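See below for the structure under consideration.
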Amino acid sequence: MPKYAHADVLGGGLNALKNGADQMWLLKGYVAKDSFATASGNKIASVAMDNTDPTTDYSIAGADGAALVLTIAAKSGTASGSSTVGDDLHVALVDTVNSKVLYVTDETTNQPITSGNPVNFPSLTYISGQPA
């Protein structure tokens, strides 16, 4: 169950995700640091994300001195590919303009997906903690 954050996210923080990710993808067969082309080839569903209006799909909250939390809206779409019981599914936030995989997290149900069926992406959070 690999997880990954692009250097832009690590260096630019939560705003790199909020301002850069214009799509959310459901992937099968993800390996850490897969290229954009490889991830695109493993995409079985995608939804558009509004990264131009800061209140539509992304919100950042947190008190001074506490961790900041980026909340990503739940979305739904239609599968364009399929997966089987053995596929390890992941959710990715991607920048399609600059061909970057910005953030990937595990999708824990790993249920089989059939092309043409509805897909629900859950609300996600990404936390940027205070330095230790």
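We did not get these values from a lab; they are worked out from the coordinates using the rules stated. Note that the coordinates shown come from a computational prediction; the quantities given were computed from them, not determined experimentally. Positions of Cβ are backbone-derived with ideal geometry, glycine not excepted, and every protein chain shown enters the neighbour counts.
Report the charge-dipole magnitude of region 48-102 in Debye, nearest 20, computed about the Cα centre from +1 at each Lys and Arg Cβ and -1 at each Asp and Glu Cβ. Write down the numbers at each step before the final one.
Working: 2 positive and 7 negative charges, 14 e Å.
In debye, rounded to 20, region 48-102 gives about 60.
Return ILE72, ILE44, ILE127, ILE60 ranked ascending by Cβ neighbour count within 10 Å, so the fewest neighbours appear first. Please list the in-between numbers first.
On the way: ILE72 23, ILE44 20, ILE127 11, ILE60 16.
Least crowded to most crowded, the residues run ILE127, ILE60, ILE44, ILE72.
Using r as the Cβ-Cβ distance of ALA67 and VAL97, and R0 as 25 Å, what FRET efficiency do you calculate, to the nearest 0.05?
Working: r = 29 Å, r/R0 = 1.16.
For ALA67 and VAL97, the calculated efficiency is 0.30.
Starting from 0.36 nm per residue, how many nanometres of slack lie between ALA48 and PHE36 once their C-alpha separation is accounted for? Before the final figure, lay out the partial values.
On the way: separation 12, 0.36 × 12 = 4.32 nm, distance 1.65 nm.
Length gained, ALA48 through PHE36: 2.7 nm.
Based on Cβ point charges of +1 for Lys and Arg and -1 for Asp and Glu, what charge dipole magnitude is obtained for the chain about its Cα centre, in debye rounded to the nearest 20? It would help to have the intermediate numbers written out before the result.
On the way: 7 positive and 12 negative charges, 38 e Å.
Approximately 180 debye in magnitude.
Please list log₁₀ I(q)/I(0) at q = 0.09, 0.15, 0.16, 0.19 Å⁻¹ for the chain, using the Debye equation with identical point scatterers on the alpha-carbon positions.
-0.25, -0.68, -0.77, -1.07
Going by the alpha-carbon gyration tensor, a ≥ b ≥ c the square roots of its eigenvalues, is region 1-61 rounded (a/c under 1.5) or, if a/c is not under 1.5, prolate (a/b greater than b/c) versus oblate? Write out the running numbers ahead of the final one.
Numbers: a/c = 2.43, a/b = 1.44, b/c = 1.69.
The shape class here is oblate.
Taking amide H atoms as placed 1.01 Å from N in the peptide plane, list the residues 5 or more away in sequence, or in a different chain, whose amide H sits under 5 Å from that of THR96.
Placed amide hydrogens put ASP22, GLN23 under 5 Å from THR96.
Listing VAL85, VAL31, VAL9 from the residue with the fewest other Cβ atoms within 10 Å to the one with the most, what is the order?
Values: VAL85 7, VAL31 13, VAL9 22.
Ordered from fewest to most neighbouring Cβ atoms within 10 Å, VAL85, VAL31, VAL9 come out as VAL85, VAL31, VAL9.
Considering only ASN117, LEU93, GLY20, whose Cα is most displaced toward the positive end of the charge dipole of the chain, charges sitting on Cβ of Lys, Arg (+1) and Asp, Glu (-1)?
The one lying farthest along the dipole's positive direction is ASN117.
Give me HIS90, HIS6 ranked fewest to most by other Cβ atoms within 10 Å of their Cβ, as a rough exposure proxy.
HIS6, HIS90
Rounded to two decimals, what ratio of Rg to Rh does region 52-113 give with C-alpha atoms and a Kirkwood Rh? Each step should come with its number before you reach the end.
Values: Rg = 15.1 Å, Rh = 14.4 Å.
Ratio of gyration radius to Kirkwood radius: 1.05.
Starting from the amide H of ILE113, placed 1.01 Å from N in the peptide plane, find each other amide H under 5 Å away whose residue is 5 or more places distant or on another chain.
Close amide H contacts, sequence-distant or interchain: SER83, THR84.
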